[in-house]
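*Asks:* Before I ask anything, let me first share the structure, which is written out below as structure tokens.
The values are calculated or read from the model by the stated rules, or taken from the named source; none is laboratory data. As the structure is a computational prediction, the values presented were derived from the model and not from experiment. We place every Cβ from the backbone using ideal geometry, glycine too, and count neighbours over all the protein chains shown. These accessible areas exclude ligands, DNA and RNA; they are computed on the full protein's heavy atoms, side chains included. Shrake-Rupley method; radii C 1.70, N 1.55, O 1.52, S 1.80 Å.
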Amino acid sequence: MPPKDGDGYVTRTRSDKAGLWVRGGPRLEHIDIELTERCNNDCLHCYINRPAGDAKARDREMSAARIGGILAEAASLGCLSVRFTGGEPLLREDFEEIYLAARKLGLKAAVFTNATLVSPRLADLLARVPPLEPLEVTLYGMTRETYETLSRAPGSFDAAMAGIGVLRERKVLFTVKGAFLPSGGGDLAAFEKWAKVLPGMDRPPSVSVFYVLHARGDQAKNRKITRARPDPERGADIQMRNAGEYVRGLKAFLTRYSGRRDDRLFTCGAGVASCAVDAYGILQPCLLVRHPETVYDLGAGSLKDALEGFFPAVRRRKAAHPRYLETCARCPLRGFCEQCPGKAWMESGTLDTPAAYFCEAAHVQARRLGLLAAGERAWEAADWEARVGEFTEAGALERLKSLDTARKGG
Amino acid sequence: MTDRTGLDRIFKPSEEIVAREIEGELIIVPLTAGIGDIEDELFTFNASGRAIWKGLDGRKPLKAIIGELAAQFEGDPEEIEEDVLGLVEELVKRRIVVEVV
């Protein structure tokens with residue numbers, strides 16, 4: 001009889017923690033599935049939403065059976081978690097069928113939702129067959145006026161609050177995150193205070209700040225998103241609003257993640273052990289990167305083939321844009337900067353055009369932390385490693401506080 | 001006469017869980033509420049647990065499982081019996097297996 005390890009035979013493990021795998025992880029660990037691009041909100045800042053009643057989009061969406069097939073293949077590759085997103089995934093009339101298919105395959109099933117369509121029936125199902133991941137609910141304001149200024153859907157604030165109420169009644173675990181207009185400063189404080197007492201919230205809520213442009217390159221929508229997103233200074237105000245939280249662990253983060261880039265496009269894990277499927281069955285390395293040369297038609301292939309053949313080739317691609325090679329490829333602000341192939345595609349339609357907005361947002365934060373001087377560009381800082389070596393969280397906190405005091409005084 | 005409280009009992013995986021084998025690990029994913037104490041908890045087995053789990057297939061009584069394990073591992077049958085009963089008790093408590101009646 002093999003020896004017992006310790007006291008028991010069964011070990012309870014949180015699957016997001018290291019230690020679940022003795023021999024290294026499975027071929028596919030996580031998959032995102034966009035169930036629809038349609039949404040019942042019409043958010044100013046959103047990169048993906050089509051109208052809820054868009055019949056053409058609905059007719060093109062994958063059937064529940066096809067999604068079930070993708071989930072089954074994902075499970076056969078060892079995948080443990082799926083995230084259903086959209087658009088608004090609960091717009092799908094067959095959402096329950098899809099959700100149960102995932103859970104019966106032994107997948108954890110996260111759901112991104114605005115909560116407006118959470119019915120008592122759905123909440124009962126989620127309570128009985130829990131997703132094993134908290135639902136993630138996005139809020140767009142803490143009053144009817146601010147919420148619906150962004151969501152542009154009359155009645156959506158009340159519907160969201162009702163949905164959240166039903167989740168709370170049924171004790172379905174959920175977390176909240178925020179997306180606010182730059183002017184919604186008061187809302188942000190109210191949101192954080194409200195979020196703090198929710199049972200699923202063991203850390204402050206995340207707040208979207210630097211919105212990306214529209215996934216389909218809709219120029220009219222892009223103008224709206226550009227107007228909705230804060231300028232880099234205001235974005236940094238939001239990003240760094242809780243100075244203590246912001247700097248906690250920053251030294252280790254800088255030491256580990258900042259540093260010179262090179263001409264590789266993909267420095268993240270997209271397409272390695274995770275991937276995303278759009279509403280029509282097109283596989284992407286992640287939810288954002290939809291460039292035609294980086295996506296794979298699952299209707300004509302398989303997840304396994306994409307993960308073993310197609311994505312490794314995509315990930316070997318190198319940047320060619322001269323400005324990228326001059327700047328991003330030499331820039332140490334990795335981790336601060338939102339530039340990546342997915343966002344570059346959203347911003348410019350290429351994989352490697354540097355996005356000035358994200359660049360400036362990263363520089364503002366680095367300047368406030370004292371890592372860069374005014375007017376200095378990070379790729380010109382020859383002594384970056386020494387700067388990180390001298391960086392202290394206490395010093396940065398002091399600096400942020402004095403900047404804040406000066407700003408308020410000014 | 002069958003002893004329904006002892007080694008003639010037969011157990012099978014509960015319909016409230018999904019048992020998955022991934023990268024050589026046996027992983028029990030809760031399907032219904034109340035199996036994990038927290039929402040993202042999965043269960044894995046150690047080597048002894050995995051060996052016993054394989055026998056809990058809804059067909060074999062515990063004594064057959066114990067016999068097979070004793071032959072396979074050349075262990076002390078009494079110790080194996082204690083191990084099997086210990087694990088089954090733990091799994092029943094967690095609703096991971098149910099008795100076939």
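*Asks:* Do the alpha carbons of any pairs in A:Lys56/A:Lys104; A:Lys108/A:Lys196; A:Lys177/A:Lys343 sit beyond 28 Å of each other, and which pairs? Intermediate results must be reported in sequence, preceding the final value.
*Replies:* Numbers: A:Lys56/A:Lys104 31 Å; A:Lys108/A:Lys196 25 Å; A:Lys177/A:Lys343 20 Å.
The answer is A:Lys56/A:Lys104.
*Asks:* Pull the list of chain A cysteines that no other Cys approaches to under 4.7 Å, Cβ to Cβ.
*Replies:* A:Cys39, A:Cys79, A:Cys268, A:Cys275, A:Cys286, A:Cys328, A:Cys331, A:Cys337, A:Cys340, A:Cys359
*Asks:* Restricting to Cα pairs below 8 Å that are 6+ residues apart, what does the relative contact order work out to for chain B? Please round to a whole percent.
*Replies:* In percent, rounded to a whole number, it is 36.
*Asks:* Let me ask something else. Quickly work out the A:Ala386-to-B:Lys12 label distance, labels modelled 7 Å from Cα along the C-beta direction, and quote it in nm with one decimal.
*Replies:* Modelled inter-label distance: 7.2 nm.
*Asks:* State, in square angstrom and to the nearest 100, the accessible area buried between chains A and B, both chains counted, probe radius 1.4 Å. Working shown, then result.
*Replies:* Numbers: alone 19610 and 6700 Å², together 22930 Å².
Buried area (both sides, nearest 100 Å²): 3400 Å².
*Asks:* Can you tell me how much longer the chain between A:Thr143 and A:Thr255 gets when fully stretched, taken as 0.36 nm per residue apart minus their C-alpha distance, in nm with one decimal? Numbers along the way, then the final one.
*Replies:* On the way: separation 112, 0.36 × 112 = 40.32 nm, distance 4.08 nm.
Roughly 36.2 nm would be gained on extension.
*Asks:* Next question, about the same structure. Quick one: net charge around A:Gly309, please, counting Lys, Arg +1 and Asp, Glu -1 for every other residue with C-beta under 13 Å from its C-beta. Walk me through the numbers on the way to the answer.
*Replies:* Working: positive: A:Arg27, A:Lys304, A:Arg315, A:Arg316; negative: A:Asp305, A:Glu308.
Once all neighbours under 13 Å are counted, the net charge is +2.
*Asks:* Over chain A, calculate the relative contact order: mean separation of alpha carbon pairs under 8 Å at least 6 apart, over the residue count, as a percent.
*Replies:* 15 percent
*Asks:* Multiply the residue gap between A:Arg407 and A:Arg216 by 0.36 nm, knock off their C-alpha separation, and tell me the result in nm, one decimal place.
*Replies:* 64.9 nm
*Asks:* Across segment A:204-216, in residue order, what do the Karplus-derived ³J(HN,Hα) couplings come to in whole Hz, using 6.51 cos²θ - 1.76 cosθ + 1.60 with θ = phi - 60° and x for Gly and Pro?
*Replies:* Rounded to whole hertz, the list is x, x, 7, 10, 5, 10, 9, 4, 9, 6, 6, 4, 9.
*Asks:* Further, regarding this structure: Which lysines have a Cα less than 22 Å from the Cα of B:Lys63, not counting those fewer than 8 places away in the same chain?
*Replies:* A:Lys4, B:Lys12, B:Lys54, B:Lys93
*Asks:* Residues of B:20-33, mean number of Cβ from any other protein chain within 10 Å of their own Cβ, rounded to a whole number? Display every interim value, and only then the final one.
*Replies:* Values: counts 8, 1, 14, 9, 3, 7, 1, 7, 3, 9, 6, 8, 5, 7.
If you average over the peptide's residues, the count of other-chain Cβ atoms is 6.
*Asks:* Compute the distance from the alpha-carbon center of segment B:44-75 to that of segment A:248-311, in whole Å.
*Replies:* One Cα centre to the other: 42 Å.
*Asks:* Using a 1.4 angstrom probe on heavy atoms only, work out the carbon and sulfur share of the accessible area of chain A in %.
*Replies:* For chain A, the apolar C and S fraction of the accessible surface comes to 53 percent.
*Asks:* Considering amide H positions built from the backbone, and no H for Pro or chain starts, which residues 5 or more places from A:Val207, or on another chain, come under 5 Å of its amide H?
*Replies:* Residues meeting the criterion, in which the H sits 1.01 Å from N, are A:Gly178.
*Asks:* Same structure again: Show that you can apply the helix-only estimate: for the protein assembly as shown, add -39,500 (n - 2.57) for every DSSP H stretch of four or more residues, divide by all residues, and state [θ] at 222 nm to the nearest 500.
*Replies:* Rounded to the nearest 500, the figure is -11000 deg cm²/dmol.
*Asks:* Suppose each label sits 7 Å from its Cα in the direction of the beta carbon; what would the B:Phe73-A:Arg234 distance come out to in nanometres?
*Replies:* Once both label points are built, they end up 6.6 nm from each other.
*Asks:* Can you grab the distance from the C-alpha centre of segment A:144-190 to the C-alpha centre of segment A:49-104, Å, no decimals?
*Replies:* For segment A:144-190 versus segment A:49-104, the Cα centre distance is 24 Å.
*Asks:* Hey, can you rank A:275-282, A:61-68 by average C-beta count inside 10 Å, highest first?
*Replies:* A:275-282, A:61-68
*Asks:* Under the definition of partner shielding as Cβ atoms of other protein chains within 10 Å of a residue Cβ, what is the mean value for peptide A:104-116? Spell out each step's value before the answer.
*Replies:* Working: counts 4, 3, 11, 3, 5, 0, 1, 0, 0, 0, 0, 0, 0.
Mean shielding count: 2.
*Asks:* Quick query: amide H of B:Leu26 versus all other amide H atoms, modeled in the peptide plane; which residues come in under 5 Å with a sequence gap of 5 or more or a different chain?
*Replies:* So B:Leu26 has HN proximity to B:Phe45.
*Asks:* Please compute the contact order of segment A:95-181 in relative form: average sequence separation of alpha-carbon pairs under 8 Å and at least six residues apart, divided by the residue count, as a percent. Numbers along the way, then the final one.
*Replies:* Details: 122 pairs, mean separation 30.5, N = 87.
Contact order relative to length: 35 percent.
*Asks:* Counting only protein heavy atoms and using a 1.4 Å probe, what share of the accessible area of segment B:11-95 belongs to carbon plus sulfur, as a whole percent? Please list the in-between numbers first.
*Replies:* Details: 1730 of 3880 Å².
Carbon and sulfur together cover 45 percent of it.
*Asks:* Each residue of segment A:328-342 in turn: what ³J(HN,Hα) in whole Hz from Karplus with 6.51, -1.76, 1.60 and θ = phi - 60°, glycine and Pro shown as x?
*Replies:* Whole-Hz 3J(HN,Hα) from phi for segment A:328-342: 4, 5, 10, 8, x, 7, 4, x, 8, 8, 7, 4, 7, x, x.
*Asks:* So with the 1.4 Å probe, I'd like the accessible area per residue for the protein assembly as shown, rounded to whole Å².
*Replies:* Using a 1.4 Å probe on heavy atoms only, each residue of the protein assembly as shown averages 45 Å².
*Asks:* Can you work out ³J(HN,Hα) from phi for every residue in segment A:95-102, in order, using Karplus 6.51 cos²θ - 1.76 cosθ + 1.60 and θ = phi - 60°, giving whole Hz and x for Gly and Pro?
*Replies:* 4, 4, 4, 5, 4, 5, 4, 5
*Asks:* May I pose another question? Using label points projected 7 Å from each Cα along Cα→Cβ, tell me how many nm separate A:Arg223 and A:Lys104, to one decimal.
*Replies:* Reported label-point gap for A:Arg223 and A:Lys104 is 5.0 nm.
*Asks:* Work out how much length A:Ala356 to A:Asp305 would gain on full extension: take 0.36 nm times their residue separation and subtract the Cα-Cα distance, in nm to one decimal.
*Replies:* Extra length from A:Ala356 to A:Asp305 when fully extended: 14.8 nm.
*Asks:* Looking only at segment A:187-228, which residues have a backbone nitrogen under 19 Å from a spot 7 Å from the Cα of A:Glu293 in the C-beta direction?
*Replies:* A:217
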